[in-house]
Amino acid sequence: MKNIVFLSIFLGICVSIVNCTKNELDFEQYPNTIISNNEVQMKVYLPDREKGLYRATRFDWSGVIGSVQYKGHEYFGYWKETHDPMFHEDLTGPVEGFIKPGLGFADAEPGGKFIRIGVGIIEKKDEPEYNWRETHKILDHGKWTINHGKDWIIFTHKINSDFGYGYIYQKTIRLKNNGFYIEHKLQNTGRKAIETDQFNHNFFMIDAEKSGPAFNISFPYTISTEDDLKGYVEINDKDLYFIKELEDTSIFLNLSGYSNEIDDHQVTVVNRKSGAGVTFTVDKPLSRMAFWACETTLSPENSIWISVKPGEEETWTSDYRLFTK
């Protein structure tokens, strides 16, 4: 009898664990697609206002990459233990966004409207400054169009407003034999100029290795920072590396040392334990370079500046080259 009771309790615990894990971490419930070629396989989550993996307002909804597999190695993944589609950081990388509040934010009164590119028309809260950690009310999601083939996918987002701003934003992810491109085109269809930054959070999780001494992050210029390294990382000329693993904490560094030359817009991340690495470049100069990491993921955060007059367009491309040693 005691054995039966113990078995019942044990099975009940197992079922509870499975159900909890399923509810929190089963992402197949969210719209996604797989693109692949002979070398690279990528899982991409799709924008969806009702069912999407990400429905918050901090990041651009397009091109949320859940997995990239190459030569037996994994480069991305979900880095948290729980998931809420409406929470600002609950998504996988690379993910792009805009640090500035949005188009028209400065001119809008509380209750008025502004635009987050790749998200929609947002209602301005009555607050002293924009809080990027909050999820704001979306008044108009705009129109999303998605097309894809075997090894490519194109997201198109169109927004028209009654306060002078409008755009057609297109993002194309295209696989190559040793990585992928993220190609962008922003057309200004409004009567006001678009002036904004754009950044990529990246969220690397190479072979699920914890942020620590296994990783080396290198740049084409000598880097420096005025921020606290907290005893977890060191900087040596062009390299940033960990002294010990991050545990139950995070680190954020603003990095300097880059020039206005496009060649400086490059970062290499290597997992020296597994031998897998990635080098990414962007064909526009850096406007800001930062580094953020927590226990499960690390993110070189690279930014550019975008300026598009009415009737004109801006294009830029991020190139991710994957490699193994």
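Name the residue, out of Lys137, Lys124, that is free of Cβ contacts under 8 Å to residues at least 24 places away in the same chain, outside the structural domain of Cys294 (by TED's automatic domain parsing) and surrounded by 20 or more Cβ atoms within 10 Å (Cβ to Cβ).
Lys124
How many residues does the range 87-105 hold that are in contact with a Phe, Trp or Tyr (Cβ under 8 Å, 6 or more places away or on another chain), of a type in the set (A, V, I, L, M, F, W, C), assigned to a loop (DSSP other than H, G, I, E, B) and modelled with pLDDT of 95 or more?
3
Has the range 87-101 got at least one residue that is aromatic (Phe, Trp, Tyr), under 14 Å from Asp26 (Cα atoms) and under 13 Å from the mean Cα position of the chain (by Cα)?
No, the range 87-101 contains no residue that is aromatic (Phe, Trp, Tyr), under 14 Å from Asp26 (Cα atoms) and under 13 Å from the mean Cα position of the chain (by Cα).
Grab the strands (runs of 3 or more DSSP E) fully contained in the range 177-272, keeping just those with 1 or more residues being among the charged types (D, E, K, R) and without any contact (Cβ under 8 Å) to a residue 12 or more places away in the chain.
Counting at least 1 such residues, we get 233-236.
What residue, of Asp248, Asp264, is under 20 Å from Tyr221 (Cβ atoms) and acidic (Asp, Glu)?
So the residue among Asp248, Asp264 that is under 20 Å from Tyr221 (Cβ atoms) and acidic (Asp, Glu) is Asp264.
Scan (1) under 22 Å from the mean Cα position of the chain (by Cα); (2) over 26 Å from Tyr169 (Cα atoms) for the single condition Glu226 breaks and write down its number.
Status for Glu226: all satisfied but (1).
If a residue must be part of a loop (DSSP other than H, G, I, E, B) and surrounded by fewer than 21 Cβ atoms within 10 Å (Cβ to Cβ), how many such residues does the range 58-75 contain?
The qualifying residues number 2.
Residues checked against (1) touching an Asp or Glu at 6+ places or on another chain (Cβ under 8 Å); (2) surrounded by 13 or more Cβ atoms within 10 Å (Cβ to Cβ); (3) under 29 Å from Lys71 (Cβ atoms):
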| residue | (1), (2), (3) |
| --- | --- |
| Val233 | no, yes, yes |
| Glu247 | yes, no, no |
| Asn271 | yes, yes, yes |
| Ser274 | yes, yes, yes |
| Phe280 | yes, yes, yes |
| Met289 | yes, yes, yes |
| Ala293 | no, yes, yes |
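Could you list all residues from the range 195-223 that are over 22 Å from the mean Cα position of the chain (by Cα) and crowded, with 20+ Cβ neighbours inside 10 Å?
Of everything in the range 195-223, just one residue is over 22 Å from the mean Cα position of the chain (by Cα) and crowded, with 20+ Cβ neighbours inside 10 Å, namely Ile223.
Inside the range 254-288, can you point out the residues that are within 18 Å of Asp207 (Cα to Cα) and not polar (S, T, N, Q)?
Val269, Val270, Arg272, Lys273, Gly275, Ala276, Gly277, Val278, Phe280
Checking Ile35 against (1) within 28 Å of Glu129 (Cβ to Cβ); (2) crowded, with 19+ Cβ neighbours inside 10 Å; (3) touching an Asp or Glu at 6+ places or on another chain (Cβ under 6 Å); (4) among the β-branched types (Val, Ile, Thr), only one condition comes out false. Which one?
Going through (1) within 28 Å of Glu129 (Cβ to Cβ); (2) crowded, with 19+ Cβ neighbours inside 10 Å; (3) touching an Asp or Glu at 6+ places or on another chain (Cβ under 6 Å); (4) among the β-branched types (Val, Ile, Thr) one by one, Ile35 breaks only (1).
The rows are residues; the columns are (1) of a type in the set (Lys, Arg); (2) in contact with a Leu (Cβ under 9 Å, 6 or more places away or on another chain).
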site	(1), (2)
Asn32	no, yes
Thr57	no, no
Thr82	no, yes
Gly93	no, no
Lys113	yes, yes
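The values are calculated or read from the model by the stated rules, or taken from the named source; none is laboratory data. In this text, all values refer to a predicted model and were calculated from it rather than measured experimentally. Methodologically, a virtual Cβ is constructed for each residue, glycine included, from the backbone with ideal geometry; neighbour enumeration extends over all protein chains shown.
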